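Accompanying notes for the structure given below.
The values are calculated or read from the model by the stated rules, or taken from the named source; none is laboratory data. The shown structure was predicted, so the numbers you read here are calculated from the model rather than taken from an experiment. Backbone-built Cβ (ideal geometry, glycine too); neighbour counts: all protein chains shown. Each accessible area value is taken on the protein alone, full model and side chains, heavy atoms only, with ligands, DNA and RNA left out. Shrake-Rupley method; radii C 1.70, N 1.55, O 1.52, S 1.80 Å.
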Amino acid sequence: MNIDETLDQIYILPENSKKNLKKYITEISHPKNFCLMEANRIVPYIYFIKKGIVRAYATTESKDITFWFGSEGEPVVSMKSYVEDKPGYENIELLEDCEFYKLKTDILRKLFNEDIHIANWGRKFAEKELVKTEEIIISRQFKTSLECYKDLMRNKPDLLKRVQLGHIASYLGITQVSLSRIRAEIK
């Protein structure tokens, strides 16, 4: 997905504002298994996935718990770093070789003060991230693992082909054996 499409899906900017914002966006790439963000560190960037899949996870004493997957066109951000300039709690691991658009958070904040359209883009960005987080929390509280798996099938079918079953099971909060049962039940 190109940068214009990525920015536009958040909020349509006037051409001059978009051009000004794009001046500060660079492209980078990293190999599979690279850790793009580490827990307990301030992340001074926002990334947008141009190509590839990532997962967000938290580490407990006994295991890693996956709580989010991102793919082409989606932002990758530590909201705690973005909003409060404090260390985040998530680790972001690349599940494929990935290409990103990268934007420094402090430059974005400067642009918020200079251009109301970019400030509105930033507000819409934060609002959309909040809604995504809310949807994850609500689905975890009120849906069964089977319902969550069906949601993945409906909303992100490519993810099921590109992500290891262990990560999907972790995301659903179940074992791989239980995931195998769900998959068998659906077939």
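Take residue 104 and tell me if it is more than 20 Å from residue 133 (Cα to Cα) and in contact with a Phe, Trp or Tyr (Cβ under 9 Å, 6 or more places away or on another chain). Answer is yes for this residue.
Is it the case that some residue within the stretch 152-171 is in contact (Cβ under 8 Å) with a residue 60 or more places away in the chain, in contact with an Asp or Glu (Cβ under 9 Å, 6 or more places away or on another chain) and small (Gly, Ala, Ser)? For the stretch 152-171, residues in contact (Cβ under 8 Å) with a residue 60 or more places away in the chain, in contact with an Asp or Glu (Cβ under 9 Å, 6 or more places away or on another chain) and small (Gly, Ala, Ser): present.
Restricting the stretch 89-116 to residues that are in a strand (DSSP E or B) and not aliphatic (A, V, I, L, M), the residue that is farthest from the chain's Cα centre (by Cα) is 104. Applying a threshold of 9 Å to beta carbon distances and a minimum spacing of six or more residues, or different chains, the list of pairs starting in the stretch 10-21 at a residue that is more than 14 Å from residue 120 (Cα to Cα) and ending at one that is in a helix (DSSP H, G or I) reads 16/117; 20/111; 20/114; 20/118. Consider the stretch 62-96 and keep the residues that are out of contact with any Gly (no Cβ under 7 Å at 6 or more places or on another chain) and of a type in the set (Lys, Arg). The one that is modelled with the lowest pLDDT is 63.
Among the conditions (1) open to solvent by 50 Å² or more (accessible area, probe 1.4 Å); (2) out of contact with any helix residue (DSSP H, G or I) (no Cβ under 6 Å at 6 or more places or on another chain), the only one that residue 176 does not satisfy is (2). The residues on offer are 116, 168, and the sole one that is surrounded by 13 or more Cβ atoms within 10 Å (Cβ to Cβ), at pLDDT 95 or above and not small (Gly, Ala, Ser) is 168. Residues in the stretch 123-163 that are of a type in the set (S, T, N, Q) and at pLDDT 95 or above: 0 in all. Figure legend. Inter-residue proximity from the stretch 71-96: first residues under 22 Å from residue 163 (Cα atoms), second residues open to solvent by less than 20 Å² (accessible area, probe 1.4 Å) and of a type in the set (Lys, Arg), beta-carbon distance below 6 Å, spacing 6+ or different chains. Indicated pairs: 93/55; 95/55.
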